Every structure is written in structure tokens, then in C-alpha cells.
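Here's the structure we're looking at; comments come further down.
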Amino acid sequence: MALYLTEIATGTNDRATVEAAVERLSPTAQEAGGRLLDVQVSEDLGRIFFVAEDVDPSRLEAGIADLGVERTIPALVRLVGATVEAVRVRAGGPASYLVEWDFPAGLDMDTYLARKKEKAPLYAKVPEVAFLRTYVREDMGKCLCLYDAPDDEAVVRARQAVSTPIDRLHRLASSSDPASSRQQP
């Protein structure tokens, strides 16, 4: 099963516009031969991060282009810290924060995964933060890590506990928000 991450810069903080874009993602993934797995929307509504599974990436890109928004080309990703099935049923609850980490040059997947496995137990030092999952781009450009945490400072402490930087930190839209993170069952 292949997973593809795409990021959208909405260019707006208009709730209706963002909601319409989010609502279009599932049919777009289906038209590309797959299904939507995970959608996260930044609290300011400026960014949408979504993962589709088993899609034709060129068809997905064409479908997203029809939305008329700035976006990245779908990037093949690996899910770490959770299973696809758990993401589908939202095991572990909704994410409240997304951390982007741009990998340093020379970091390879095996080294990253070994380091992540070694450091993961250190999250216990910050019990108010729950690590949920990570999407690692196969090209090793970056990863997106999802957390449930009470505030920005707690996420920063959790990242410090595992000695991992934060390049960009996004508070995510509330799960009660109509433009919030959505996942397909």
C-alpha cells in the first residue's frame, strides 16, 4: 500500500473556502484510484496536509490542480508510529499539533528509523503530550509528526526530550471545527 502526502496552501482564512477544499479531497482521491486516509488543517486555515492511499499520484496531482490552490506534488511517505488501520479509525484520538521537520542533508531512512525507535521512550518525560504518528517522505525531504498536546510549549518540550528539532509548528483546527482534521473510516 502506497501513501502520498500533499500539502495545500489555501491562501485564505475563510472557513467556507477551506471547508469546500477539504470536502473535495475524498472524491479527488477516489478519482485517482484510492482513498483519503488523513487530513489535517492548520488552525489559521492557511494549510491543509493530507495523505491518500493507493492512488495514482499523477491523477491525484491533476485532481488537486483542479482545485486551483498552491500545493506540493504528492510525495510518497512512510507511516511511522501507527498503522494505517489505526489512522482510519482515529485510534489515539485527534491531533492538536503538527510539527514539520526538514531533514538535514545526508540523513537516510534507516538511520532516521533507528534513531526514532531509540528516542521514542523519552516521550514519557512529557506525559501531557501524546505522540500519534509520523509521515516520513521517502525522499527524506522532511517528516510531519502529529501530537495531541495542551499547548505549543508542551510540544516543544516533547521534541526537546527526543532531541529532535522543529522547523514549523502548526496548531491544528479543533476537531469540533467544520474545517478540522478529517479522516475517512
- Can you name every residue in segment 57-81 that is aliphatic (A, V, I, L, M) and under 20 Å from Met140 (Cβ atoms)? Ile73, Ala75, Leu76, Val77, Leu79, Val80
- segment 123-155, residues that are assigned to a helix (DSSP H, G or I) and either in contact with a Ser or Thr (Cβ under 8 Å, 6 or more places away or on another chain) or more than 25 Å from Arg90 (Cβ to Cβ) (or both): Lys125, Glu153
- Message: Going by what's in this entry, would Arg137 be described as surrounded by 13 or more Cβ atoms within 10 Å (Cβ to Cβ), farther than 20 Å from Gly46 by Cα, modelled with pLDDT of 95 or more and not hydrophobic (A, V, I, L, M, F, W, C)?
- Response: yes
- Select from segment 1-23 the residues that are hydroxyl-bearing (Ser, Thr, Tyr) and under 16 Å from Arg137 (Cβ atoms) and write down the one among them that is surrounded by the most Cβ atoms within 10 Å (Cβ to Cβ). Tyr4
- Note on the structure: Within segment 24-37, of all residues that are closer than 18 Å to Ala9 by Cβ and not hydroxyl-bearing (Ser, Thr, Tyr), the one surrounded by the most Cβ atoms within 10 Å (Cβ to Cβ) is Leu25
- Message: Can you go through Gly81, Gly68 and tell me which one is at positive phi, surrounded by 11 or more Cβ atoms within 10 Å (Cβ to Cβ) and not hydrophobic (A, V, I, L, M, F, W, C)?
- Response: Gly81
- Going through segment 157-168 one residue at a time, which ones are surrounded by fewer than 17 Cβ atoms within 10 Å (Cβ to Cβ) and not in a loop (DSSP other than H, G, I, E, B)? Arg157, Gln160, Ala161, Arg168
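The values are calculated or read from the model by the stated rules, or taken from the named source; none is laboratory data. All figures in this text were calculated on a predicted structure; none of them were measured in a lab. Please note: Cβ atoms are built from the backbone with ideal geometry, for glycine as well, and neighbour counts cover all protein chains shown.
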